[in-house]
1. Could you order peptides 353-366, 45-58 by the average number of other Cβ atoms within 10 Å of their residues, highest first?
2. Net charge near Arg487, counting Lys/Arg +1 and Asp/Glu -1 over other residues with Cβ under 15 Å of its Cβ?
3. At q = 0.12, 0.14 Å⁻¹, what log₁₀ I(q)/I(0) does a Debye calculation on the Cα points of the stretch 411-547 give, no solvent, two decimals?
4. What helices in the chain pass both tests, a Cα length along the helix axis of 18 Å or more and a mean Kyte hydropathy of 0.5 or higher, using whole DSSP H runs?
5. Could you list which residues have their amide H under 5 Å from that of Tyr127, counting only those 5 or more apart in sequence or on another chain, with H placed in the peptide plane?
6. What is the extension gain from Gln87 to Thr231, computed as 0.36 nm multiplied by their sequence separation minus the C-alpha to C-alpha distance, in nm to one decimal?
7. So what's the gap between the Cα centers of the stretch 450-481 and the stretch 61-120, to the nearest angstrom?
8. Going highest first, how would you order 532-539, 122-129, 230-237, 67-74 by mean Cβ packing within 10 Å?
Amino acid sequence: MKVSKWSERLFGTPIFDPVVTASFLFPLLYLVAFLIIPVLAMLAVAFQYNGQFSLHWFTSILTSDYYISFRPEGEFYKLITMPNGEQVYYIQGWDFGVILNSILVSISVMILTTILGTVFAFVMARYDFPGKNIVRILLFVPLLVTPFVNVFIVKKMFLPTGLINWIFYDILHIFPHPIWIDGLVGVIVAQTLTYYPIVYLNAYASFINIDPTLEEQAENLGSGGVHLFRTVTFPLALPGIAAGATLVGIFSLEDLAAPIVFQGNGLARKLMSFQIYSAFTSGFNVGSPQLAALALMMLLIAVLMFLGIRKYVSMRQYAMLSKGGRWKPRVAKPKSWQAFLIYFVVLPILFLSIFPQIGVVLLAFSEQWGDATWPSGFTLKHIQSILTQPDIERVIINSVMYSTAAIVVIILLSLTASYASSRFKKSKLGPVLDSLATIPIAVPGIVIAMSYFFFFAKVFPDTPLDPTNLLGFNPAMVLILAYSIRRLPFAARSISAGIQQVHVSLEEAALNLGASRWKALTGILIPLILLNLLGGAMLSFVYCMSETSVGITLGSINPDYYPITARMVELITGSVGGAHLTAALGVFLMTVQIIAIVLANLITKQRYSFIGLT
């Protein structure tokens, strides 16, 4: 009797079943072992001073002007004279210290991406205009991840000889002087252009799911135009928009590509992510308790954002009912002034936002791209280098091996965690498991890298798993574990959606006819969700291949085991001509992503939207 009550309380079933038990315990123990415990190991280091528990490192950070300064230093912008005598507006932003800089950059990116993403989503959801399908495809282009090199193109766009000045200064004569964007402002611009499609996807899903009768009732009562949007449409879509904006805020906080590319003037170095990364690359202070404390502060900010928006979204859910089943979204032909705004304001902004990806391709196939607005010459040598240079071939093979191994683990974790939390809702462990499978999206990659550094150095000292072992360190196992944790939510979301679409009565019928739980799972449920499983696995593989934070920290310790991103950051910041080879690797990653996304859409027969928080 006690065993059955214990089993029902923990696993949601009064009968002890090894399949059910394994479905709960495997993902639970894995996530505790390789997510919770490493973070706790870093926690123990951060709260220790002279062998005793202390808040010393946190106090030293919070009281230092280097980390927090309420009086901004430097000039936001200034008019400078170039060597050729031309005057240029140099825009870099103010310095508020490492922590406040990170928070202000994250908030700024959230605001800008919310504006862009919401405008694009509303136009696509509510208006039918010639070329709409082409615009729909173009809106997905910025989601093609090309670590470092797309930010490199953004930086070139805002140089005095870049694309923006070519359009607005040389051709349209709108700017009184050319502009040069650098520092924290450059980071904000690069991250905005990279992440706004995340808000767009969430906002678009929210707009098309609004019951049209609610807006029609408001119109019947005299509302319309901006008032209708402000009082009805926007509040109904706000939970989805806020979820996307929060994801952007977390991604901005952990981003390393933009600070690395814009680090030249020094201001972009004063971000939390770069401070931790620079400790890895310099080898100085990498095991410092102060660094662990800084990483924990970053984790705290990210988790508070994540939990706050989940609470907000749960409080702002609106029930929308429509007779006759699912409604048809309201789509109308734009009026003349609306069409003018779409074609002459919205679409030009869209074309500028996809130029970084276009620039990656141009850079990969060009002979030279110096200070000129456009590249010169055409060559295939950079693409050929991917296949002919042994070091490039090695990093591609390494990344494929790491990502493939991680995907096997991700599938097992996603399947067991989704099955346990979806099918056994009475279980006390179900909500815990569901939260653990989702929370990695809120944990910055650089924090996982730091926690793994402390954890493996302490648990496996002087072994190939010890990051302090330098050239004796083999990061393969550590990277696979990190990838499997970091990219778990993407596959888990897809598989969980598939399980929820399969009615539990099909499995119950098999069990009633004498089939074992294992037979019902492998013979009925898995075949029915196989498309969701494959789709989620493909997209997780793409994100593993382009994983940046862990790849350029732990993965860059031993050159023999570099993943792609570790080699890319070395090329983009190192040798002359390295940017072209980095762009060639970027084209390779873009090709892999396009193939995976197309296949995932064909397999699942539905458009895949970015993971949300709801």
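Any read-out appearing in this document is the output of simple, stated calculations on the displayed coordinates, not a laboratory observation. Keep in mind the model is a prediction, meaning the values are calculated, not measured. Counting neighbours? That spans all protein chains shown, and the Cβs are built from the backbone with ideal geometry, glycine included.
1. The most tightly packed comes first, giving 353-366, 45-58.
2. Summing Lys/Arg as +1 and Asp/Glu as -1 gives 0.
3. Taken in order of the listed q values, log10 I(q)/I(0) reads -0.59, -0.74.
4. 18-31, 98-126, 183-208, 234-254, 289-315, 390-423, 445-459, 530-545, 578-604
5. For Tyr127, whose amide H was placed from the backbone, the distant partners under 5 Å are Ala332.
6. In short, 47.2 nm is gained.
7. 36 Å
8. Final packing ranking: 532-539, 122-129, 230-237, 67-74.
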